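Asker: Provided herewith is a single structure, encoded as structure tokens, for subsequent inquiry.
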Amino acid sequence: MTNGPEGLRCMLMRGGTSKGAYFLAEDLPAEGEARDALLLRVMGSPDPRQIDGLGGAHPLTSKVAVVSASGDPAADVDYLFLQVGVERPEVSDRQNCGNLLAGVGPFAVERGLVAADGPETSVRIRMRNTGDLATATFATTDGRVAYDGPAEISGVPGTAAPVVIEFQQSDRPLLPTGRVRDDLGGTPVTCVDNGMPTVLIAASALDVKGYEDPAELEKDQRLAERLHEIRLTAGELMGLGDVGGTTVPKLSLLAPPAHGGAVMTRTFIPVRCHTSIGVLGAAGVAAGLRLRGGVGEGVAQLPNDGRRLRIEHPTGFLDVESDVDDGTADAAPVARRTAVVRTARKIFDGTVFPRPA
Ligand code: NQM
């Protein structure tokens with residue numbers, strides 16, 4: 001471990017529509033208070049501007065990925081995601097992040113954990129926050145990651161090389177409450193977990209349109225209070241306990257599509273409204289829309305052909321390949337296949353000097 005006045009080895013990467021500091025586990029203290037205190041100082045938290053650290057003053061840019069070689073024969077590397085509070089001195093491993101996940105394979109090649117394998121390299125990743133597995137496939141040339149390419153993702157200017165992420169079927173129930181629809185104090189919801197506990201709600205059930213600017217929705221105090229109540233009750237029902245101080249479950253408001261996709265979304269993560277949508281959040285929306293009796297019925301428009309669902313969001317869309325087995329009286333529904341295309345980019349590689357303790 002390199003620490004103290006010499007600083008810490010760190011790579012800043014954009015992963016999908018998020019940005020975070022990537023570390024090898026061996027370059028950080030062991031999990032615990034010392035590591036968390038160090039990461040707060042690295043990111044400049046707590047401070048609304050994170051002026052004295054790497055954080056970008058928003059939950060989407062206050063993220064950390066910790067990567068190591070995996071002891072699991074089904075994976076090449078382990079990835080632990082940590083959400084670092086902006087204004088609060090918190091480091092949480094309660095949620096995963098499918099956007100930072102896009103940078104994990106390239107980072108593993110950069111750090112020599114995985115050798116680049118011809119023009120395309122696949123890295124099998126165990127996501128330690130949930131125990132789920134994913135495989136990321138991306139371009140490599142001459143043993144190095146090729147970041148430039150033609151893929152465009154909404155919410156990121158320009159183009160970059162695609163990172164194709166294929167998620168393996170999870171062992172956790174897709175419907176954590178055991179029901180496709182729950183009534184929370186008069187509001188119908190569908191609680192799903194396709195990698196990220198998410199509560200789906202028709203925007204109209206909350207008396208909003210679902211096409212508003214995220215900043216406008218964030219200002220709506222009545223909406224914030226109602227979402228908070230729904231989240232607390234949904235958290236208990238989903239088996240997550242008291243979720244008052246955690247970032248899961250997320251809440252996705254659904255409205256009819258505006259641009260030819262399957263559905264329009266506004267996602268609360270959980271207090272700020274996402275400027276796009278999380279990868280696993282979108283995976284949950286896609287799976288939820290496929291379930292008969294879910295709250296997406298009558299709101300979403302599912303294409304008749306293929307398995308790709310276009311999830312619209314405030315800055316564009318996220319396409320999710322989603323194949324769901326709706327279940328039977330004796331068998332619970334499962335998400336058989338979930339896949340997305342993201343991009344990632346190395347922004348800097350070097351030494352970060354944490355604010356002094
Ligand atoms: O859902 C934001 C993001 C995320 C998480 C959040 C994510 C995901 O956009 O997979 O990527 O929901 O906190 O980075």
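FYI, it's all coordinate maths here, none of it is from the lab. The structure presented is a predicted model; accordingly, all values stated were derived computationally and were not measured. As a convention, Cβ positions derive from the backbone with ideal geometry for all residues, glycine included, and neighbour counts pool all protein chains shown.
Asker: Work out from phi, with θ = phi - 60° and the Karplus expression 6.51 cos²θ - 1.76 cosθ + 1.60, the ³J(HN,Hα) of each residue of segment 157-164, listed in order in whole Hz, and give x for Gly and Pro.
Answerer: x, x, 10, 7, 5, x, 10, 8
Asker: Quick one: work out the % antiparallel among DSSP beta bridges in segment 135-291, nearest 5.
Answerer: Working: 21 of 26 bridges.
So the antiparallel bridges in segment 135-291 amount to around 80 percent.
Asker: If one computes the Cα centroid of segment 309-330 and of segment 49-72, what distance in Å separates the two points?
Answerer: Spelled out, the Cα-based centre of one part sits 27 Å from the other.
Asker: From the phi of every residue in segment 68-75, what ³J(HN,Hα) in whole Hz does the Karplus formula 6.51 cos²θ - 1.76 cosθ + 1.60 yield, where θ is phi - 60° and glycine or proline is x?
Answerer: 8, 5, 9, x, 8, x, 7, 9
Asker: If you don't mind, there's one more thing I want to ask. Under 5 Å between amide H atoms, partner at least 5 residues away or on a different chain: which partners does Arg308 have, H built in plane at 1.01 Å?
Answerer: Distant-sequence amide H within range of Arg308: Ser322.
Asker: Normalising by the residue count of segment 182-331, find the relative contact order in percent from Cα pairs under 8 Å and 6+ residues apart. Intermediate results must be reported in sequence, preceding the final value.
Answerer: Values: 294 pairs, mean separation 37.9, N = 150.
So the answer I get is 25 percent.
Asker: For the chain, just the Cα atoms, rotate onto the principal axes and tell me the three extents in Å, largest first.
Answerer: Cα spread of the chain along its principal axes, largest to smallest: 56, 44, 39 Å.
Asker: Remind me, relative contact order of segment 33-78 in percent, using alpha carbon pairs under 8 angstrom and six or more residues apart? Each step should come with its number before you reach the end.
Answerer: Details: 40 pairs, mean separation 8.9, N = 46.
In percent, rounded to a whole number, it is 19.
Asker: What percent antiparallel are the DSSP beta bridges of segment 1-142, to the nearest 5?
Answerer: On the way: 21 of 29 bridges.
Within segment 1-142, antiparallel bridges account for around 70 percent of the total.
Asker: Within the chain, how many lysine pairs that are 8 or more places apart, or on different chains, have C-alpha atoms less than 22 Å apart? Before the final figure, lay out the partial values.
Answerer: Working: Lys19/Lys63; Lys19/Lys250; Lys19/Lys346; Lys63/Lys250; Lys63/Lys346; Lys209/Lys219; Lys209/Lys250; Lys219/Lys250.
So the count of such lysine pairs works out to 8.
Asker: Let me ask you something else. Give the long-range amide H neighbours of Ser70: residues separated by 5 or more places, or on another chain, with amide H under 5 Å away, using H modelled in the peptide plane at 1.01 Å from N.
Answerer: Result for Ser70 returns Val77, Asp78.
Asker: Report ³J(HN,Hα) in whole Hz for each residue of segment 275-291, in order, from the Karplus equation J = 6.51 cos²θ - 1.76 cosθ + 1.60 where θ = phi - 60°; Gly and Pro get x.
Answerer: Residue by residue, segment 275-291 yields 6, 9, 7, x, 5, 6, x, 5, 5, x, 4, 4, 5, x, 5, 7, 8 Hz.
Asker: In addition: Would you mind counting up the charge near Phe348? Only other residues with Cβ under 13 Å from its Cβ, with Lys and Arg at +1 and Asp and Glu at -1. Working shown, then result.
Answerer: Working: positive: Arg9, Arg14, Lys19, Arg345, Lys346; negative: Glu110, Asp349.
Result for the neighbourhood of Phe348: +3.
Asker: Can you tell me the orientation of helix 33-43 relative to the chain, as the angle in degrees between its alpha-carbon axis and the longest Cα principal axis, to the nearest 10?
Answerer: Rounded to the nearest ten degrees, it is 90.
Asker: Estimate the FRET efficiency between Asp242 and Arg172 by the formula 1/(1 + (r/R0)^6), using the beta-carbon distance for r and 25 Å for R0, to the nearest 0.05.
Answerer: Details: r = 19 Å, r/R0 = 0.78.
Plugging the Cβ-Cβ distance into 1/(1 + (r/R0)^6) gives 0.80.
Asker: Could you give the length gained by full extension between Asp305 and Ala329, i.e. 0.36 nm per residue of separation minus their alpha carbon distance, to one decimal place?
Answerer: Details: separation 24, 0.36 × 24 = 8.64 nm, distance 2.64 nm.
Extra length available between Asp305 and Ala329 comes to 6.0 nm.
Asker: Let me have the 222 nm mean residue ellipticity of the chain computed from DSSP H runs of 4+ only, each contributing -39500 (n - 2.57), with the sum over all residues rounded to the nearest 500. Can you show the working numbers first?
Answerer: Numbers: 5 runs with 58 residues, N = 357.
Mean residue ellipticity at 222 nm (helix-derived): -5000 deg cm²/dmol.
Asker: Quick one: compute the contact order of the chain, relative version, from alpha carbon pairs under 8 angstrom and 6+ residues apart, as a percent.
Answerer: On the way: 890 pairs, mean separation 66.9, N = 357.
The value is 19 percent.
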